[in-house]
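Undergrad: A single structure is presented below for examination.
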There are 2 protein chains.
Amino acid sequence: MKNETKKVKVNSLKKAIDVLNCFTCKPKLGVTEISMKLGLNKSNVHNILTTFEAMEYLERDTETGKYQLGLGIFTLSRALGDSFSITKVAQPYMQEMANQTKERVYLGIPHEDEVVYLEACYPADKMSLMRSLLGERANMYCTGIGKAMLAFLPEEKIEEYSSRPLKAFTENTITDAEELKKELANIRRNGYAMDKMEHEFGITCIGAPIFDKEGNVCAAVSISGPSLRFTAERIPELYRLLKESIQIIGTRI
Amino acid sequence: MKNETKKVKVNSLKKAIDVLNCFTCKPKLGVTEISMKLGLNKSNVHNILTTFEAMEYLERDTETGKYQLGLGIFTLSRALGDSFSITKVAQPYMQEMANQTKERVYLGIPHEDEVVYLEACYPADKMSLMRSLLGERANMYCTGIGKAMLAFLPEEKIEEYSSRPLKAFTENTITDAEELKKELANIRRNGYAMDKMEHEFGITCIGAPIFDKEGNVCAAVSISGPSLRFTAERIPELYRLLKESIQIIGTRI
DNA sequence: TCTCTTCGTTCCGTATTATAGAACGCTGTT
DNA sequence: AACAGCGTTCTATAATACGGAACGAAGAGA
């Protein structure tokens, strides 16, 4: 659980990857747009883009001339294969939960002390802007999905994690190490984690862990929405849904 | 339809991409393995791998220490979004066809004079080695899937395409421009293309095009298998299945 | 246990090359 | 007609990616 930033040995490659990563935010980009965003020289970016195009990682929109992700990325994504197969397995159950609860449902995995969101499902009515959170990171100590995973990590990791500064996002955020550890114990007892406006004011969320066949937490699912709708009497029902899903998902991976 | 190889402006980036592309063939690779495969210096490859790891495009297997594709690639693949959504739409219909016919079903798109395979479905019994063809390329003039697309391209492209040397793969391969053009006219009339051992001895295949809402060929689907099983009386049935599927898929994209 | 092999990793000098900056041509706009 | 914004090209130089050799660790085999 070391947080030391890994060393970049090839600077030109780092730049190129930065350029490529721009396309995760916006599907079509031009030379100038990227060079401004990254503060790089235009001709530099142009060289990088041209190379990516030659290697088919990028291709050009025949109409606008702008660059977009290409076949090479698609091929790579196929090669990812089953590394992130949880997503495929979990997706239908998540969609089902989203429809039933009319709330948002998220899937995340623990990665380097953080939660990385892999999948998001919205109730069927509004499919809009679904990609918002995908690929984004969040802290473990102040989100339902994060706490659900943190609670079931090996004890030494919990110990190390809670020993660092815990930044407050709202007045409900747990910032004390001892308090956090008690909370995690509670979560282990209950089987689920609640985030009552600890990360964002007005947003409540309930999360539960998924275990692999070795019994380690490999992911977590959460249902999230406006605190006003997450009344005390609704929680058992939400947990029941979550529990069903995570058990099935757990056995299927 | 020019075939000039696009110019690589940043050589170090090309190398890095070559390294990354290795992971499309084999999911887990070590430094030495890659350096031998590409004929590059070991320390060079090591620097590249380290950088990819720092940028999270690669991560390391905690047990073996080998490198594998990482979260960054996953994030990119999500950003691909609907660029290749045909795959998602087509997959269930393809699987259905594979199960019904007990043959292999492929989805491909036209790309720079070639067919690129995007999806492959095998009959449910044997899911083995399914990734074989994915991302691979093939010629348009000697495969069922390729001819199905070629036939419906704009006339000037057909003209240009047939004017070049057509390499023979088997004794059935069409190598004469005029003959090819006649064949394509037939395909347009029939609505489907046959490849009777034109690319590989003993393999027959039937392909049909998918059109987008502007009426352009954007993809094709083919059913492929041992020629011995593709008897004359079976073709109408196979075509019926194909036709149903491509029509539905076409309307859904 | 000791050797031998094989792997990933580190180091450093040099030759390669990625890069910045200015200039060009193009397109669409005011 | 002048302008603004875009992608592209060119070239010199400073920056750095790279090759080669050497190291430490881990595993195999005798």
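Undergrad: Rounding to the nearest 10 and keeping the result within 0 to 90°, find how far the Cα-based axis of helix A:85-101 lies from the longest principal axis of chain A.
TA: For A:85-101 against chain A, the angle is about 60 degrees.
Undergrad: For region A:217-253 and region A:58-95, write down the distance between their C-alpha centroids in whole Å.
TA: Taking the Cα centre of region A:58-95 as reference, the centre of region A:217-253 is 27 Å away.
Undergrad: Further question on the same structure: Once you average over the residues of B:57-67, how many Cβ atoms of partner chains fall within 10 Å of each Cβ?
TA: For peptide B:57-67, the averaged partner shielding equals 1.
Undergrad: Angle, helix A:177-190 long axis vs. longest principal axis of chain A, Cα atoms, 0 to 90°, nearest 10?
TA: 70 degrees
Undergrad: Mind checking A:15-23 for the average number of partner chain beta-carbons within 10 Å of each residue's beta-carbon?
TA: Values: counts 2, 7, 10, 1, 1, 6, 7, 1, 3.
Taking the mean over all residues of the peptide, I get 4.
Undergrad: Right, something else. What is the spin-label model distance, in nm, from residue B:172 to residue A:171 if the labels are put 7 Å beyond Cα along the C-beta direction?
TA: 7.8 nm
Undergrad: Could the peptides A:173-185, B:190-202 be put in order, highest first, of the mean number of other beta-carbon atoms found within 10 Å of their residues? Could the numbers behind the result be given before it?
TA: Details: A:173-185: 15.7, B:190-202: 18.4.
Result, highest mean Cβ count within 10 Å first: B:190-202, A:173-185.
Undergrad: Please check which bits of region B:37-77 a label hung off residue A:216 would reach, taking the label as a point 7 Å along Cα-to-C-beta and the cut-off as backbone N under 17 Å.
TA: B:59-71
Undergrad: Just flag the trypsin sites (Lys or Arg not before Pro) in region A:54-161 sitting in loop per DSSP whose Cβ has no more than 10 other Cβ atoms within 10 Å.
TA: On the way: sites: A:60, A:66, A:78, A:88, A:102, A:104, A:126, A:131, A:137, A:147, A:157; in loops: A:66, A:102, A:126, A:131.
Taking region A:54-161 and a limit of 10 other Cβ atoms within 10 Å, the loop trypsin sites (Lys or Arg not before Pro) found are A:126.
Undergrad: Could you give the angle, 0 to 90 degrees to the nearest 10, between helix A:71-80's Cα long axis and the longest principal axis of the Cα atoms of chain A?
TA: Roughly 30 degrees, rounded to the nearest 10.
Undergrad: What net charge do the residues around residue A:40 carry, taking every other residue with its C-beta under 11 Å from that of residue A:40, with Lys and Arg at +1 and Asp and Glu at -1? Walk me through the numbers before you get to the answer.
TA: Working: positive: A:15, A:37, A:42; negative: A:18.
Net charge around residue A:40: +2.
Undergrad: Do any GluC sites (Glu not before Pro) in region A:58-126 lie in a loop, going by DSSP, with at most 14 other beta-carbon atoms within 10 Å of their beta carbon, and if so which? Walk me through the numbers before you get to the answer.
TA: On the way: sites: A:59, A:63, A:96, A:103, A:112, A:114, A:119; in loops: A:63, A:103, A:112.
Qualifying residues, ordered by number: A:63, A:112.
Undergrad: Here is a further query. How crowded by other chains is B:48-54, given as the mean number of beta carbons from other chains within 10 Å of each beta carbon?
TA: Values: counts 3, 2, 6, 11, 7, 4, 9.
Rounded to a whole number, the mean comes out at 6.
Undergrad: What is the distance, in nm, between label points placed 7 Å from the Cα along the Cα-to-Cβ direction at residue B:100 and at residue B:233?
TA: The two pseudo-label positions are separated by 2.0 nm.
Undergrad: If eta is 1.306 mPa s and T is 10 °C, what Stokes-Einstein diffusion coefficient results for chain A, Kirkwood Rh from Cα pairs, in µm²/s?
TA: Values: Rh = 20.1 Å.
D = 79 µm²/s.
Undergrad: Consider just the alpha-carbon atoms of region B:11-80 and return their Rg together with their Dmax, both in angstrom.
TA: Considering region B:11-80 through its Cα atoms, Rg and Dmax are 11.5, 33 Å.
Undergrad: Something else about it: What is the log10 of I(q)/I(0) for the protein assembly as shown, computed with the Debye formula using one identical point scatterer on each Cα and no solvent, at q = 0.10, 0.12 Å⁻¹?
TA: Those come out to -0.91, -1.20, one per q.
We did not get these values from a lab; they are worked out from the coordinates using the rules stated. Just so we're clear, the structure is a prediction, and the values are computed from it rather than from any experiment. Positions of Cβ are backbone-derived with ideal geometry, glycine not excepted, and every protein chain shown enters the neighbour counts.
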